[in-house]
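Before any comments, here is the structure.
The values are calculated or read from the model by the stated rules, or taken from the named source; none is laboratory data. Only a predicted model underlies this, so the values are computations on that prediction, with no experimental measurement involved. Counting neighbours? That spans all protein chains shown, and the Cβs are built from the backbone with ideal geometry, glycine included. We work out accessible area using only protein heavy atoms, side chains counted, and drop any ligands, DNA or RNA first. Shrake-Rupley method; radii C 1.70, N 1.55, O 1.52, S 1.80 Å.
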Amino acid sequence: DAIADKLYKHPRLLRSPGDPNGHGTHVAGIIANGSYEARDGQYRGVAPSANIVAIRVLNEDGVGSYSDVLRGIQWAIENREQYGIRVMNISMYAIPVAPYWADPYSLIVMAAWQAGITVVASAGNTGPAPMSIGVPGNTPYVITVGAFTDHRTPSDFSDDYIPEFSAAGPTLDAFVKPDVVAPGAHIVSLMRPNTTLRNAQRGNSVNGKYFEMSGSSMSTAVVSGIAALVLSEHGELSPDQVKYRITQTARPQLAEINGRQTAAYSIWQQGAGRVWAADAVLTDLQGAANQGLDLAADLNGTRHYQGWTTYNSESGTFEIVGG
């Protein structure tokens, strides 16, 4: 698979931990597949041939414990310099049951962010209701990604829409999430034979070595690939600066209503809008996200934060404090 191909060829890296489920290989292919580029030119990853470090924390059914996930992320933090880990893709989520600052999953991705790793997390597939963002996508610092679909007409943006599965904000802590949306429906990527997912959904197989899937996991992988492209061009950037470029160059999904262009979805559904890879890499914009947040104080427990969302009970809508 894409993960193993790259790890075996990289003298500094360990062997792949394997992927009996198939989900991880599919995500890795979206990010970095370049293996079949010369042979068929199809389904290349967003950042072809980016180095991949595979950390397996789930079983063959795609299920795992908090402790397994925390150990995996801690390994990435501890080994980031040895393996050059700059981006962490987290295409998995849990149901939030506590404020972000009290959840171990959120705390460890905050530690990864502080260590210089750009964390890209899925919003979750628990939409479309408000306050359905999962952990660690509810963490204010990281890049949280929802999904949109091109309705199988990639050259026509007018019929694009956010599918119902894509989770929506605000978070339980009143933050605007997701930060952006990216392609996340009928995405074709690598899948090994005899994996749990392929065996369960054989109708999704494409040309033998590929597989079609939908979900915020797929859209998260797209944004991880974009983050890799940004860092390949601007290796000096911090996670806050990478997040700034990706969000500030995103394009809101618009609709024409009564002859006027207006937002087709709220900021709690689409965040800053759909990602735009070329602009994220090439923009001259200078800045950093997460202004007004003190990550170090948040981690050491001396300061925590609440988002700017409020609920208007009279209109039944969410609003931003102060307009």
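Could you say whether any residue in the range 186-207 is over 26 Å from Asp160 (Cβ atoms) and either of a type in the set (Phe, Trp, Tyr) or within 20 Å of the chain's Cα centre (by Cα) (or both)?
No, every residue in the range 186-207 fails to be over 26 Å from Asp160 (Cβ atoms) and either of a type in the set (Phe, Trp, Tyr) or within 20 Å of the chain's Cα centre (by Cα) (or both).
Pro193 versus (1) farther than 22 Å from Arg152 by Cβ; (2) in a helix (DSSP H, G or I): which is the lone unmet condition?
If we test Pro193 against (1) farther than 22 Å from Arg152 by Cβ; (2) in a helix (DSSP H, G or I), just (2) comes out false.
Which one of these is part of a loop (DSSP other than H, G, I, E, B) and farther than 23 Å from Thr118 by Cβ: Gly323, Gly307?
Criteria check complete, one pass: Gly323.
Do you know which of the residues in the range 193-207 that are in contact with a Pro (Cβ under 9 Å, 6 or more places away or on another chain) and touching a residue at least 60 places away in the same chain (Cβ under 8 Å) is most open to solvent (accessible area, probe 1.4 Å)?
Thr196
Between a first residue in the range 147-163 that is within 13 Å of Leu254 (Cβ to Cβ) and modelled with pLDDT of 90 or more and a second residue that is open to solvent by 40 Å² or more (accessible area, probe 1.4 Å) and part of a strand (DSSP E or B), which pairs have beta carbons less than 9 Å apart while being 6 or more apart in sequence or on different chains?
Matching pairs, first to second residue: Phe148/Tyr161; Phe148/Pro183.
Okay, residues lined up against (1) closer than 25 Å to Gln270 by Cα; (2) of a type outside the set (Asp, Glu); (3) in contact with a strand residue (DSSP E or B) (Cβ under 8 Å, 6 or more places away or on another chain):
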site	(1), (2), (3)
Gly18	no, yes, no
Gly22	no, yes, yes
Ser65	no, yes, no
Glu78	no, no, no
Leu107	yes, yes, no
Ala121	yes, yes, yes
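All but one of (1) open to solvent by 30 Å² or more (accessible area, probe 1.4 Å); (2) in contact (Cβ under 8 Å) with a residue 12 or more places away in the chain; (3) assigned to a strand (DSSP E or B) hold for Glu256, so report the exception by its number.
Of the numbered conditions (1) open to solvent by 30 Å² or more (accessible area, probe 1.4 Å); (2) in contact (Cβ under 8 Å) with a residue 12 or more places away in the chain; (3) assigned to a strand (DSSP E or B), the odd one out for Glu256 is (2).
Conditions first: (1) at pLDDT 95 or above; (2) open to solvent by 50 Å² or more (accessible area, probe 1.4 Å); (3) over 18 Å from the mean Cα position of the chain (by Cα). Gln82 passes all but one, so which condition is the exception?
Every listed condition holds for Gln82 apart from (1).
Any residue at all in the range 263-277 that is under 21 Å from Ala28 (Cβ atoms) and part of a helix (DSSP H, G or I)?
Yes, the range 263-277 contains at least one residue that is under 21 Å from Ala28 (Cβ atoms) and part of a helix (DSSP H, G or I).
Could you check, for the range 6-20, whether at least one of its residues is modelled with pLDDT of 90 or more and not β-branched (Val, Ile, Thr)?
Within the range 6-20, one or more residues are modelled with pLDDT of 90 or more and not β-branched (Val, Ile, Thr).
For Pro170, only one of the following conditions fails: (1) open to solvent by less than 10 Å² (accessible area, probe 1.4 Å); (2) within 19 Å of Ser91 (Cα to Cα). What is its number?
Status for Pro170: all satisfied but (2).
Being within 19 Å of Met218 (Cα to Cα) and among the aliphatic types (A, V, I, L, M) is the filter here, so list the residues in the range 70-94 that pass it.
Residues satisfying the conditions are Val87, Met88, Ile90, Met92, Ala94.
Identify, from the list Ser122, Ser106, the residue that is over 21 Å from Asp298 (Cβ atoms), at pLDDT 95 or above and crowded, with 23+ Cβ neighbours inside 10 Å.
Ser122
Pick out the one residue from Ala129, Ala147 that is open to solvent by less than 10 Å² (accessible area, probe 1.4 Å) and either over 18 Å from Ser106 (Cα atoms) or touching a helix residue (DSSP H, G or I) at 6+ places or on another chain (Cβ under 9 Å) (or both).
On inspection, the qualifying residue turns out to be Ala147.
If I ask for residues that are touching an Asp or Glu at 6+ places or on another chain (Cβ under 8 Å), over 16 Å from Val142 (Cα atoms) and touching a residue at least 60 places away in the same chain (Cβ under 8 Å), which ones from the range 71-112 would you list?
none
For Ser224, are the conditions met, namely being surrounded by fewer than 24 Cβ atoms within 10 Å (Cβ to Cβ), under 23 Å from Tyr43 (Cα atoms) and among the small types (Gly, Ala, Ser)?
No; evaluated as a whole, the condition is false for this residue.
Being without any contact (Cβ under 8 Å) to a residue 60 or more places away in the chain and either closer than 15 Å to Ser219 by Cα or out of contact with any Leu (no Cβ under 7 Å at 6 or more places or on another chain) (or both) is the requirement here; does Ala129 meet it?
yes
Considering (1) out of contact with any helix residue (DSSP H, G or I) (no Cβ under 6 Å at 6 or more places or on another chain); (2) assigned to a helix (DSSP H, G or I), say which one Ala280 fails and leave the rest.
Unmet condition: (1).
Are any residues in the range 290-300 part of a loop (DSSP other than H, G, I, E, B) and without any contact (Cβ under 8 Å) to a residue 60 or more places away in the chain, and if so, which ones?
Gln291, Gly292, Asp294, listed by residue number.
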